[in-house]
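Reviewing the structure listed below.
The values are calculated or read from the model by the stated rules, or taken from the named source; none is laboratory data. Note that the structure is a prediction, hence the values are computed from the model and not measured. Glycine gets a Cβ as well: all are built from the backbone with ideal geometry, and neighbour counts include every protein chain shown.
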Amino acid sequence: MRRVSLFALCLLSLTSCSALKKATGHGGAGGQGWSESPATAPSYAIGETANVKAPPCNVGGYFKIKVDPGKPFHITTKASQAGSSCGYVEVETASGSSVTSVDVCAESGPKTVDAQGQEGSTLVQVSEKYGCAGITITMAIEDGPAPANTGAGVAPTDDGPQPEN
């Protein structure tokens, strides 16, 4: 009887830890850092890093950012080396309308996207484009607008011609 109780206690402890990890949202579906649905998307706060592993190929995976409406923030993105594959990161409103986006490829280095908190919910949609080789996109979610490009490895937010320093 005592062994059964100990077994039940151990099982309950493991179940509770698993439930806690899911409740914090950082595991996403299978520990990927994203979810197939905005309704079940994991949440990240300003100051946290989202490691989005193997985002869907040419379709969206989602996570949320816990930020007050109107509050500026930026996301510095970096894709893992995965051949010719690239990632797509889009900040959206709660209804799924695009606010701003950026393509990120390992070859092009980090990219930064500026945004503001949205009414209801601030969603981020991620996907893998082109080669679909199973990349990881690392996103540092930081307070305020991105610093000016100082040549220190932070890429501008658009892909157009850039002024020389």
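The set of residues from segment 114-129 being buried (at least 22 other Cβ atoms within 10 Å of the Cβ) and closer than 17 Å to ASN51 by Cβ comprises VAL124, GLN125, VAL126, GLU128.
Which members of segment 60-107 meet the condition of being among the hydroxyl-bearing types (Ser, Thr, Tyr) and in contact (Cβ under 8 Å) with a residue 60 or more places away in the chain? TYR62, THR76, THR77, listed by residue number.
The residues listed here are THR122, THR157; of these, the one that is at pLDDT 95 or above and in contact with a strand residue (DSSP E or B) (Cβ under 7 Å, 6 or more places away or on another chain) is THR122.
Hey, does segment 82-94 have a residue that's of a type in the set (A, V, I, L, M), at pLDDT below 90 and within 29 Å of SER37 (Cβ to Cβ)? Yes, because at least one residue in segment 82-94 is of a type in the set (A, V, I, L, M), at pLDDT below 90 and within 29 Å of SER37 (Cβ to Cβ).
Just a yes or no: is a residue in segment 130-137 closer than 20 Å to GLN32 by Cα and assigned to a strand (DSSP E or B)? Within segment 130-137 (the criterion being closer than 20 Å to GLN32 by Cα and assigned to a strand (DSSP E or B)), the answer is yes, since at least one residue qualifies.
If I filter segment 63-74 for residues that are of a type in the set (Gly, Ala, Ser), surrounded by fewer than 15 Cβ atoms within 10 Å (Cβ to Cβ), in a strand (DSSP E or B) and out of contact with any Phe, Trp or Tyr (no Cβ under 8 Å at 6 or more places or on another chain), do I get at least one hit?
The answer is no, given that none of the residues of segment 63-74 is of a type in the set (Gly, Ala, Ser), surrounded by fewer than 15 Cβ atoms within 10 Å (Cβ to Cβ), in a strand (DSSP E or B) and out of contact with any Phe, Trp or Tyr (no Cβ under 8 Å at 6 or more places or on another chain).
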